[in-house]
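Some notes on the structure that comes next.
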Amino acid sequence: MRPVFVVDPKRCVACMACVAACSIEHGVLFTLAKSDPEAWPQTQRLRTWVSWIEREEPRPRRTFMPLLCFHCQDTPCERVCPTRATYKTPEGVVLINKDKCIGCAYCIIACPYGARYKVKAGDLEKAKKTFNMKEVEERYSKTELRIKLFKPPVPNEWATAERAVDKCTLCYHRKELGEWIPSCVEVCPTKARMFGDLDDPNDPVAELVRSGKAKQLRPDLKTEGLVYYVR
């Protein structure tokens, strides 16, 4: 199988079901914060998130951009990892061995998409004690946001761990269970997030890529990721 993840931003309504599903699946700290494009996801510490884009011209409008690790095949984060904690699976999914990760953050600096972050010590324990959440009214960088851990993660070696670098895994543990579909794709009510197999000639998601309707977000960086966007 050659996995491919396709995003259609025009379908996204920023319901944040994807963020909640990822939190429940992996033990990621959940937040309802509006994303800050100057700091995401390092300050929000999310594996997947939705960026809000405000435009005034030619008319006021708001669009939403679902984002996640692009799972680069020419992988800058893997090249700089001193302990080989970052690695690629045979399918091309980029993962982190939490036992080998020393939290040096070289990979965070190397990632051209800002898709990695470090889980701070004490965050998970603090989140377990937090039961009240409210949506922030100011920008995240100016607000101390309440966070919550819904429940312990689904048992898997790539779940969130304190002091280690974290990122999207495309729910690779689900492949081992025989039902490989990322949790964010599973819950998306508008099908803005899609998952397919490029080796399947009849896969409609893969056809979006083969037909050229879905393209990589930053082809100029030449990282050849597994994530594409419908233009």
*Among rounded, prolate and oblate, which fits the stretch 38-128 when a ≥ b ≥ c are the square roots of the eigenvalues of its C-alpha gyration tensor, a/c under 1.5 means rounded, and a/b larger than b/c means prolate?*
oblate
_Net charge, residue 156 excluded, C-beta distance under 11 Å - Lys, Arg +1, Asp, Glu -1_ = 0
_Per-residue ³J(HN,Hα) for the stretch 96-102, Karplus 6.51 cos²θ - 1.76 cosθ + 1.60, θ = phi - 60°, Hz, x for Gly and Pro_ = 10, 7, 5, 6, 8, 5, 9
*In what order do 65, 194, 1 fall by count of nearby beta-carbon atoms within 10 Å, going from fewest to most?*
1, 65, 194
*Considering only the other residues whose Cβ falls under 12 Å of the Cβ of residue 192, what net charge follows from Lys and Arg at +1 and Asp and Glu at -1?*
+3
_Full-extension gain between residue 221 and residue 200, please, as 0.36 nm times their residue separation minus the C-alpha to C-alpha distance._
4.8 nm
*Which net charge results when you count Lys and Arg as +1 and Asp and Glu as -1 among the other residues whose beta-carbon is under 11 Å from that of residue 85?*
+1
*Taking the Cβ of each residue in 86, 63 as the centre, tally the other Cβ atoms inside 10 Å and list the residues starting with the fewest.*
63, 86
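Rank these for me by crowding, 166, 74, 123, 8, going from fewest to most other beta carbons within 10 Å. The partial results should precede the final answer.
Values: 166 27, 74 11, 123 17, 8 20.
Placing the least packed residue first, the sequence is 74, 123, 8, 166.
Here, each number is a calculation from the coordinates, and none is a lab measurement. This is a predicted model, so every value here is computed, not measured. Cβ: placed from backbone, ideal geometry, glycine included. Neighbour counts: every protein chain shown.
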